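Some notes on the structure that comes next.
The values are calculated or read from the model by the stated rules, or taken from the named source; none is laboratory data. Note that the structure is a prediction, hence the values are computed from the model and not measured. In this analysis, Cβ positions are derived from the backbone assuming ideal geometry, glycine residues included, and neighbour counts consider all displayed protein chains. With ligands, DNA and RNA removed, areas are computed over all heavy atoms of the protein, side chains included. Shrake-Rupley method; radii C 1.70, N 1.55, O 1.52, S 1.80 Å.
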Amino acid sequence: MRIGIFTDTYPPFINGVSTSISMLEQGLVAKGHEVYIVTVNPDNLSYKYENDDRVLRIPGIPIGIYDYRLTGIYPLKALNKIKSWNLDIIHSHTEFGVGTFARIIAKQYNIPLVHTYHTMYEDYIHYITHGYFDKPSRKIVEYLTKFYCDKTAKELIVPSKKTYDLFKEKYKFDKGIHIIPTGIDTERFHKGKHNPKDLERLKKELKISKDNFILLYVGRLAEEKNVEFLLEGHVELIKKNPKLKLMIVGSGPDYEKFIHYAEQLKIIKNVIFTNAVPYEDIPKYYAIADVFVTASTTETQGLTVIEAMAASLPVVCIDDESFNTFVVNDLNGYLFHNQQDYVEILSKLVMNKEKLHSMAKQACFSSEQYSLKYYAEQVLDVYRIALSGIGSDRSFFTRIKDVVKGGLHGG
């Protein structure tokens, strides 16, 4: 199958969507399919071809949200190249810019369009409105999202039941929706893949001693990620155990703000801010941690949680639909509802090495359902449905929690 993936974000740019696309590309190629990428050129305002002309980068302009760039909706110079690919299917991963271009190309050349909805845009309105006109802006985002997904895509993919419910219950979406969690290269995160000397060197650089217990957060440092919650919880945690350290891996618009907040809370000696870390080095940071933590409620899936589980880390997450379908309480992690829950769970877990060991094994086991092979197989099924013209609503993800429980218990 000849597959065209259209996206506003793609490596070397690193975020959840970029990672998801990279994983899908690897999985599809491994199965013998030809994959072509249409994306934004992050460096300058020119067209760029890479990987034997299988990656086409279109010029775009900055829009003021992180490093995102927005392209024109109909870049004429790209048409002949895309036409020469003779695509069987188009898979868009953005509603705007390159996504609109995908929609036009699909219609113009009568190519079935599959769309993956990655981002809960309503949670990011504040970057544009800065607190003004939030309500009407949310309605505009809802309208644009519904218009793109309902009027264009033959099949819609979402990464979690949380996003599924958004479309079914709030947006009243009446087409088929396929819930497919993003796959990852689980082996890449396995602890046994690392040279022990490299890990010791990293610990030394970060001033982590043998008696430290490391709580890890990986992700963008921005308002919607609720990092303040983790910092405030750490105030109480180190009162009970001064050897606890919170390692925050990542950067973002609020990087300096969170450092200042840690200083204000007088816990800066117990918090490690790494700033941005190269994608290839991320697994090492999971490998030197003991537990993964997150309080974000704006994820559509939470890839970092799955990465942590693949690295044999028990996960302690806020009780959100992005996490509660694969985090099983007291088995591979814990879900908390408030600050008191968070502090109590971690205080007990730190002291129970036997429980930590057991949960680490279960976390790694449960991550395997998100392997690249499994991910690619499910997406290919959706492509086949789109090509056949027969719609379907395959919401198997609601059963994942029961499957995980049964599998992990040997059922």
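Values for this structure:
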| quantity | calculated |
| --- | --- |
| Among (1) crowded, with 21+ Cβ neighbours inside 10 Å; (2) touching an Asp or Glu at 6+ places or on another chain (Cβ under 7 Å); (3) not in a helix (DSSP H, G or I) - the single one residue 297 does not satisfy | (1) |
| Matching entry among 368, 354 (being open to solvent by 70 Å² or more (accessible area, probe 1.4 Å) and either within 22 Å of the chain's Cα centre (by Cα) or within 30 Å of residue 154 (Cβ to Cβ) (or both)) | 368 |
| Count of residues meeting criterion [crowded, with 20+ Cβ neighbours inside 10 Å and over 22 Å from residue 345 (Cα atoms)] in region 253-281 | 1 |
| Close pairs from region 304-331: first under 12 Å from residue 216 (Cβ atoms) and of a type in the set (Ser, Thr, Tyr), partner open to solvent by 10 Å² or more (accessible area, probe 1.4 Å) and assigned to a loop (DSSP other than H, G, I, E, B), Cβ under 7 Å, at least 6 apart | 304/219 |
| Residue satisfying all of: in region 186-203; modelled with pLDDT of 95 or more and among the acidic types (Asp, Glu); most open to solvent (accessible area, probe 1.4 Å) among these | 200 |
| Region 49-79 - residue that is open to solvent by 80 Å² or more (accessible area, probe 1.4 Å) and in a strand (DSSP E or B) and, of those, modelled with the lowest pLDDT | 62 |
| Listing of helices (runs of 4 or more DSSP H) fully contained in region 353-411 that carry 2 or more residues being hydroxyl-bearing (Ser, Thr, Tyr), under 16 Å from residue 28 (Cα atoms) and modelled with pLDDT of 50 or more | 372-388 |
| Count of residues meeting criterion [of a type outside the set (S, T, N, Q) and touching a residue at least 60 places away in the same chain (Cβ under 8 Å)] in region 354-376 | 9 |
| Considering residues of region 82-96 that are at pLDDT below 90 and not aromatic (Phe, Trp, Tyr) only, the residue surrounded by the most Cβ atoms within 10 Å (Cβ to Cβ) | 94 |
| Among residues of region 305-352, those that are closer than 20 Å to residue 162 by Cβ, among the β-branched types (Val, Ile, Thr) and not in a strand (DSSP E or B), counted | 5 |
| Residue identified as farther than 24 Å from residue 325 by Cα, modelled with pLDDT under 60 and either open to solvent by less than 20 Å² (accessible area, probe 1.4 Å) or among the basic types (Lys, Arg) (or both) among 107, 154, 139 | 139 |
| Count of residues meeting criterion [touching a residue at least 24 places away in the same chain (Cβ under 8 Å) and in contact with a helix residue (DSSP H, G or I) (Cβ under 8 Å, 6 or more places away or on another chain)] in region 267-278 | 7 |
| Set 214, 177, 208: member being within 25 Å of residue 377 (Cα to Cα), at pLDDT 85 or above and either loosely packed, with under 14 Cβ neighbours inside 10 Å or aliphatic (A, V, I, L, M) (or both) | 177 |
| Helices (runs of 4 or more DSSP H) contained in region 169-266 and holding at least 3 residues over 30 Å from residue 389 (Cα atoms), over 23 Å from the mean Cα position of the chain (by Cα) and free of Cβ contacts under 8 Å to residues at least 60 places away in the same chain | 196-205, 227-240, 255-264 |
| Index of the failed condition, residue 30 passing every other in (1) surrounded by 17 or more Cβ atoms within 10 Å (Cβ to Cβ); (2) farther than 17 Å from residue 88 by Cα; (3) within 22 Å of the chain's Cα centre (by Cα) | (1) |
